[in-house]
Amino acid sequence: MAMKLEKVVPFGRSLDEYMKMFNLTKSDVNKHILGVGDGPASFNAEATKIGVNVTSIDPIYQFSGNEIRKRFNEVVDNIIDQVKASPDDWIWSYHKSPEDLKSNRIAAINEFISDYERGKLEQRYLTGELPQLNFKDKEFDLALCSHFLFLYSDHHDYQFHFDSIQEMLRVSQQVRIFPLLTLMLQRSPYLDRITQEFRKLGYTVSIVKVGYELQKGGNEMLLIS
Ligand SMILES: C[S@@+](CC[C@H](N)C(=O)[O-])C[C@H]1O[C@@H](n2cnc3c(N)ncnc32)[C@H](O)[C@@H]1O
């Protein structure tokens, strides 16, 4: 699996952000969870500490912790500058300011890096990528995908989204995806068709409002079971 790290924005979110983005409840955290495209999120590290059974897959796990941190350091200031240059695009309720966002992203990657080697040995961080996952049918109760599908609609086409979601549903009872917006803050052009197609296939599909919003208007997740 060839991947160029310089194409990746390794920004990661915390357990608390995952709880809010995906409306995770106490009963959800007793489930066997797959995090798809978890990157340098501290979700797995923090969740493991409190006894949650989480496996994360991401193509960047072929790289070392030092390489991932180096890439983060290369891009972080530029991204925060872009955020500062578009003040109307963001909601500062969870993160209080661009500087607060930066320090929360630094805290997340620090927590991730401190857990990464151990997590790899424990097979909690596995190299893999959509649209194909190396897991058995229904190995997980819940598959989460944060800030990859729909967000990168300009980089991945409808078929990639359809195949990826179908694959997540093959390995998991339920799938949740957040956000539903693209990087340009538009609702993904694939969302309506994805909703219709999976309903036709017999799945229950809903768009659920959540208590987390950073991209303006980005406070909904897709839930398919
Ligand atoms: C913006 S980061 C989001 C990280 C994490 N999910 C979060 O929200 O904190 C997007 C992640 O998607 C990963 N990614 C890129 N291509 C992928 C693919 N084909 N399948 C799964 N993940 C992929 C990247 O390596 C990166 O870590």
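Every number in this text was worked out from the coordinates using simple rules, so none of it is lab data. What you see is a predicted model; the values in this text were computed from it and never measured. Methodologically, a virtual Cβ is constructed for each residue, glycine included, from the backbone with ideal geometry; neighbour enumeration extends over all protein chains shown.
A few points about this structure:
- Of Lys20/Lys136; Lys84/Lys209; Lys20/Lys216, pairs whose Cα-Cα distance is over 19 Å: Lys20/Lys136; Lys84/Lys209
- Net lengthening on full extension, Leu185/Asp88 (0.36 nm per residue, minus Cα-Cα): 33.8 nm
- Taking each residue as 0.36 nm, the span from Ala107 to Phe160 lengthens on full extension beyond its C-alpha to C-alpha distance by 15.9 nm.
- Proximal aspartates and glutamates to Lys70, defined as alpha-carbon separation beneath 20 angstrom and excluding residues fewer than eight positions away on the same chain: Glu6, Asp38, Asp58, Asp81, Glu99, Glu111, Asp115, Glu117
- Using R0 = 25 Å, the C-beta based FRET efficiency linking Lys138 and Lys200 works out to 0.75.
- Computed over the chain, the per-residue total of -39500 (n - 2.57) for DSSP H runs of n ≥ 4 gives a 222 nm mean residue ellipticity of -12000 deg cm²/dmol, rounded to 500.
- Scattering from the range 15-224 was approximated by placing one identical point on each alpha carbon and applying the Debye formula without solvent; log10 I(q)/I(0) at 0.07, 0.14, 0.16, 0.18 1/Å stands at -0.20, -0.86, -1.16, -1.48.
- For Trp90, distant residues with modelled amide H under 5 Å away: Lys216
- In this label model, Thr25 and Leu121 are separated by 3.7 nm, measuring between points 7 Å along each Cα→Cβ vector.
- Rounded to the nearest angstrom and listed largest first, the equivalent-ellipsoid semi-axes of the range 57-152 from its Cα gyration tensor are 28, 18, 13.
- Put simply, the amide H of Ser153, placed in the peptide plane, has neighbours under 5 Å in Leu183, leaving out anything fewer than 5 places away on its chain.
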